[in-house]
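This structure is in structure tokens; I'll ask about it shortly.
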Amino acid sequence: MPRMERIIACTDLSRYADWVETRAAMLADELGNVSLDLLHVVRRLAPESLPYVLTQTLEEAEQRLIDSSRDQVTKTAARFSEKYGIQAVAALKVGRIHSEVARHAEIVGADLVILGAQSGDSVRKMFLGSTAENVLRKLTRPVLIVKQEPKTPYRRILVAVDFSESSRRAMDFAKNIASRVQITALHAFETPTKAMLRFYGVSGETIAAYHAMVQAEKNRAMEQFVSASGAAAGPLCCLVEFGPAADIIRQKAETLESDLIVIGKHGQSEWEEMLLGSVTKQIILNADCDVLVISEESSSAV
């Protein structure tokens, strides 16, 4: 697939924004000849947000905020350009964050958009309606959600596989987003529970045989999927596990000490309709490592 050429790192200029900025710079440096946009979106001020004791107008206060933000983002871009030897530029927009992020990504043809999110209960409570969720709703381009402080390039990547087109794109992206990487392809599946089957009078032997048959079918599907996706740049391990997909993916990521989970999402309308119960959202909320979401409709490149 074509190489990645442009990354957008969305920064809110907070102390956690450094995680996003650093991960973006590290990726741009490792991939080589990748331009990096450090994008900050300034929200418009509401009249009630200004104390009455201030003498400046709303327009004056907003312009001061824009100027200050532009200065911070420009300095950060210059610092990363010098430190990593990459082409980093500052981009400043004014408006609703998710709308401006999506608009800028489409205008510049971004191959990857990077957002930040801390793990833990606060994220679980705040994710609904958050910038990350809204960007995921709006964009069909790959979105990387940074949840850990980046210290090294990605080296252990877990790719969640359901044999769909978005899974194929996820595998392609994983193979090309880092060098010297260990990739694990994981498929989790479920069958009717033993209790349900026993309720309908199915014998234990039949249940075991049925489970073994499904397992064998999934193993063959995984072999075909990996074969069709081509050889990985580094070691590739394949796992087919029985159990709820979100739980299995999270548990395996912890066991394997993965620093990145790559997972596909399906069509835009399906994402919007199924967001509240989707495996993708559960992984974003509960995984401790970074999560890269690949759209089936994505036209991006690596």
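Throughout, read-outs are computed from the coordinates displayed, never taken from laboratory work. In this text, all values refer to a predicted model and were calculated from it rather than measured experimentally. When we count neighbours, we look across all protein chains shown, and the Cβ atoms used for this are built from the backbone with ideal geometry, even at glycine.
Please give the FRET efficiency for A208 paired with R155, using the beta carbon to beta carbon distance and R0 = 41 Å, rounded to the nearest 0.05.
0.60
On to the next question. What are the equivalent ellipsoid semi-axes of segment 6-295, built from the alpha-carbon gyration tensor (square roots of five times its eigenvalues), in whole angstrom, biggest first?
Its equivalent ellipsoid spans semi-axes of 41, 23, 15 Å.
Output wanted: per-residue J couplings in Hz (rounded whole) for segment 167-180, from phi through Karplus 6.51 cos²θ - 1.76 cosθ + 1.60, θ = phi - 60°, x for Gly and Pro.
Per residue, the Karplus-derived 3J(HN,Hα) values read 5, 4, 5, 4, 5, 4, 5, 4, 5, 10, 7, 7, 9, 6 Hz.
Compare the peptides 71-83, 155-167, 32-44 by average per-residue count of other Cβ atoms within 10 angstrom and give them in order, highest first.
Result, highest mean Cβ count within 10 Å first: 155-167, 32-44, 71-83.
While we're looking at this one, here's another question. Return the distance in nm (one decimal) between the two label points of a simple spin-label model at S227 and S14, each offset 7 Å from Cα along Cα→Cβ.
Spacing of the two 7 Å Cα→Cβ label points: 4.8 nm.
Now for a separate question. Using the Cα gyration tensor of segment 127-183, with a ≥ b ≥ c the square roots of its eigenvalues, what is the shape: rounded (a/c below 1.5), prolate (a/b larger than b/c) or oblate (neither)?
Oblate.
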